[in-house]
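Taking it in order: structure first as C-alpha cells, then the write-up.
The values are calculated or read from the model by the stated rules, or taken from the named source; none is laboratory data. These numbers were taken from a predicted model, which means no experiment stands behind them. Here the Cβ is made from the backbone with ideal geometry for all residues, glycine too, and neighbour counts use every protein chain on show.
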C-alpha cells in the first residue's frame, strides 16, 4: 500500500498565470522517509497543501493510504506541521497541546499520556507550563512538531521543519523523526537543507516548475556519474575541442565556461586519457585538475539550474 | 475552542486595557465637558421668549402656567438673544381649533425648522406669519433635541391645563358632543405623551454612557480581527483545517469571548456612571423606568458589534487593512448614527441615511430607555433591525472566511 500517491496533479492559483503544479506524479511508500527538494516556487508547498486537503487540484488526484484525500481522511491519518510556527503564543506548551487534543474525537483524556510523553521527547517537559511567547525559535519548532505527532498519525507531513533551528534543537527534532519512522510511520519532509535531506531521507524527490524531475533513493538520484572533474586551461576552450571531446566521451556530461571545463562521469581515468592529447593538439596548457565526489547539491543544481529563484 | 479564546483574550492585557479604558476615558472627559451644560439646564438657563399678540385672559393664563413648569427661563417680549420663541397669535382664545388641535404646534415647529438654515432672527414669527395655528413654537436649530422636547412638553402641559380650566369655567363645549369627543381624544393623546413617557432632562451620563459605550463596543473589531488574522497569518487556521472542525465553529469560538467583552464593557460603563461619576462631580446615571430593558438591548448591540468585527476580520487580508478600514468604518457609522453629531442637526437626507448605521439603532434603543423611559416593547423594532444587521454581518463573515 502506498502512503501517498499523486497522479497528474495540476493546479493554478486563482488570478495567476503561472501553473503551480503541472501533471505532478509522486509516489511515497508506506513507512518511507521521503524528502522533497526544490528551489523556491518549485511547487513543494502547493503539493503539501494539496496532500493536506487544503487545496483541491484542478486536475489529477491524490490518495493517502488508498483513500482519496479529504478533510476527514487527513484529520485521521495525517499529522501536519506547517512552515510557520502554528502555535498560540499566549498559551503554554501544555495548553497548546490541550487545545489541539480537545479538537480530536475523545478529547484530552485520550491524549493526556501522549502529551506528557511528547513533551518529554521534544525536551519541553520542564517548560510545559511556560507561555510559548517566551520560547526560543528551536523550542517553538519542537512544540510545533509535538502538536503534529499528538494523535499518532500514520503520515507526518513537515514543511521546512528546521527553519531557524539551533543544532541542539535540530538533533532533538531528528531524533523524534527517527523514532516516529522507526515505529512504522511515514514522513514527507520538505527542506532547503540538502545536506540534511541527503543524510536523513531514504527517498528523495526533486521538484521544479511544478513537476517531479527525479525521484528515488539517493543512489538512484545521483546515478552512475559520481565524479565531477574540473579542469582549467591557460586559454579559452575552442568549440572544436569540446566537440571532439564529446564525441570521445559518449557517457559523460560536459560543460565549458571560457577557460574551464566540468565533466561529470563515472570513468574519471578516461577523461585524462582523452583530454591530454587533445589539449596538446589545440595548444592548451592544463593548469588545474580536480576530481570531486558529486554531492546532492551538485545534482540538484544540475537538474534545476543555477539561476536565482527570487520570484 | 471557547476556553482557548477566553485564555488568549484574558492574557492579551493591552487589548483588554484598550477595550475598557477607551470608553471610560471618553465618557469621563465628555461628561465633565457637558457638566456645565447640564448645570445651565437645571437652573433654567434655556431662554424661551414669549410674544403675546392675543393678550387675552386665556393667553395670560397660559403664560403663567408655563412659568410654573420651571422648565426654562421665560422672557416676555424682551430683546435678549433667544434660544426658543413662542408666539401667541391673535385669536388664541377664540379659535375652536385650539380645542381640538393642541398638537398642531409640533407640526408648525417642524415647518419652521425645515425652512433651511435660518437663524433665530430670520425666523421671527409675526402676527402675519403664513404659518397656520394660533401658537407657534420656534427653536434655534442649535438647541439640542432634548431641550426642545422639554419645552414642547411644557407647552403641551400648560396648554392642556389652560384649556381644561377655561372650558370648565365656561362649559361652552358641553353641549356639542362632537367637539367634546375630539377634545377628549386629543387630551388623551397629549396626556399619554406628556405623562406616560416623561421627557426628563437627560443627565450628561445619560447622553455619554450609551453613545460612547456603543462606540467602544464596536471597536471590538480591532482585537477580534487581530486575533483571527494572526491565526491565519501563522498558519494556525491551516493547521486547524487538518482537524475535524468547521469554520462556523471557529468563528463562533472567536465571537463568543469578544461578545462577552462587549457586554462587560457596557455594564462596566453603567457601574462607572453609577458610582464613579458622582465622585467626579457628574450627576449620577439615571437608568430610566425600565432598567432591565438595557439587557436585551446590550445583548443585541454586542452581537451586532462582534458580528461586524467578524466580517471585517474575514474581509481584510492583513491586520493593517483591518486596523485601518475597521475603525474608519466605525467612526463613519458613529458620525452617521448620531454618536458624535446629534441627528437633529443633520439635513433630512442624512437623518434618513443615519438608519443604515447600526450605531443609530443602538443609540436610539438606549435613548428610548434612558430618556423616554421606554419599555421592551418600545425598543423591540430597533432590536429587530440590530439582529438583521448582525445576521448580515455574520453571514458575510462566514462566506468570506479563509483558512489561509
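Which one of the conditions (1) at the interface with chain B (Cβ under 8 Å from one of its Cβ atoms); (2) free of Cβ contacts under 8 Å to residues at least 24 places away in the same chain does residue A:67 fail to meet, given that it meets all the rest?
Here residue A:67 meets the rest and fails (1).
As an exercise: evaluate residue A:14 against (1) within 14 Å of chain B (Cβ to nearest Cβ); (2) surrounded by fewer than 19 Cβ atoms within 10 Å (Cβ to Cβ); (3) in contact with a strand residue (DSSP E or B) (Cβ under 6 Å, 6 or more places away or on another chain) and give the number of the one condition it does not meet.
Among (1) within 14 Å of chain B (Cβ to nearest Cβ); (2) surrounded by fewer than 19 Cβ atoms within 10 Å (Cβ to Cβ); (3) in contact with a strand residue (DSSP E or B) (Cβ under 6 Å, 6 or more places away or on another chain), the lone unmet condition for residue A:14 is (3).
Kindly provide the set of residues from segment A:196-234 that are surrounded by 13 or more Cβ atoms within 10 Å (Cβ to Cβ) and part of a loop (DSSP other than H, G, I, E, B), ordered by number.
Hits for segment A:196-234 are A:201, A:202, A:209, A:210, A:223, A:225, A:226.
Please state which one of A:93, A:101, A:51 is crowded, with 23+ Cβ neighbours inside 10 Å, at pLDDT 90 or above and in contact with a helix residue (DSSP H, G or I) (Cβ under 7 Å, 6 or more places away or on another chain).
After applying the criteria, what remains is A:93.
Need a quick list: helices (runs of 4 or more DSSP H) entirely within segment B:322-404 having at least 3 residues that are within 15 Å of the chain's Cα centre (by Cα) and farther than 30 Å from residue B:229 by Cα.
Output list reads B:358-370, B:376-399.
Tell me, please, whether a residue that is over 24 Å from residue A:38 (Cα atoms), within 14 Å of chain B (Cβ to nearest Cβ), modelled with pLDDT of 90 or more and not in a loop (DSSP other than H, G, I, E, B) can be found in segment A:148-170.
yes
Which numbered condition trips up residue B:296, out of (1) in a helix (DSSP H, G or I); (2) at pLDDT below 90; (3) surrounded by fewer than 21 Cβ atoms within 10 Å (Cβ to Cβ)?
Of the numbered conditions (1) in a helix (DSSP H, G or I); (2) at pLDDT below 90; (3) surrounded by fewer than 21 Cβ atoms within 10 Å (Cβ to Cβ), the odd one out for residue B:296 is (2).
Let me confirm something: among A:188, A:245, which residue is in contact (Cβ under 8 Å) with a residue 24 or more places away in the chain and either part of a helix (DSSP H, G or I) or under 30 Å from residue A:281 (Cα atoms) (or both)?
Residue meeting the stated conditions: A:245.
Run down A:244, A:239 and say which single residue is out of contact with any strand residue (DSSP E or B) (no Cβ under 7 Å at 6 or more places or on another chain), at pLDDT 85 or above and surrounded by 15 or more Cβ atoms within 10 Å (Cβ to Cβ).
It is A:244.
Mind checking which pairs have a first residue in segment A:82-94 that is at the interface with chain B (Cβ under 7 Å from one of its Cβ atoms) and without any contact (Cβ under 8 Å) to a residue 60 or more places away in the chain and a second that is part of a loop (DSSP other than H, G, I, E, B) and crowded, with 22+ Cβ neighbours inside 10 Å, Cβ under 6 Å, 6 or more apart or different chains?
Qualifying pairs under 6 Å: A:84/B:235.
When you go through (1) within 21 Å of residue A:32 (Cα to Cα); (2) within 11 Å of chain B (Cβ to nearest Cβ) one by one for residue A:102, which number turns out not to apply?
Of the numbered conditions (1) within 21 Å of residue A:32 (Cα to Cα); (2) within 11 Å of chain B (Cβ to nearest Cβ), the odd one out for residue A:102 is (1).
Quick one: which residue in B:377, B:392 is under 14 Å from residue B:305 (Cα atoms) and surrounded by fewer than 19 Cβ atoms within 10 Å (Cβ to Cβ)?
B:392
I'm told residue A:309 meets every condition in (1) under 29 Å from residue A:201 (Cβ atoms); (2) out of contact with any strand residue (DSSP E or B) (no Cβ under 8 Å at 6 or more places or on another chain); (3) at pLDDT 85 or above except one. Can you identify the failing condition by its number?
Every condition holds for residue A:309 apart from (3).
For segment A:128-146, does any single residue satisfy the condition of being in contact with a strand residue (DSSP E or B) (Cβ under 6 Å, 6 or more places away or on another chain) and crowded, with 20+ Cβ neighbours inside 10 Å?
yes
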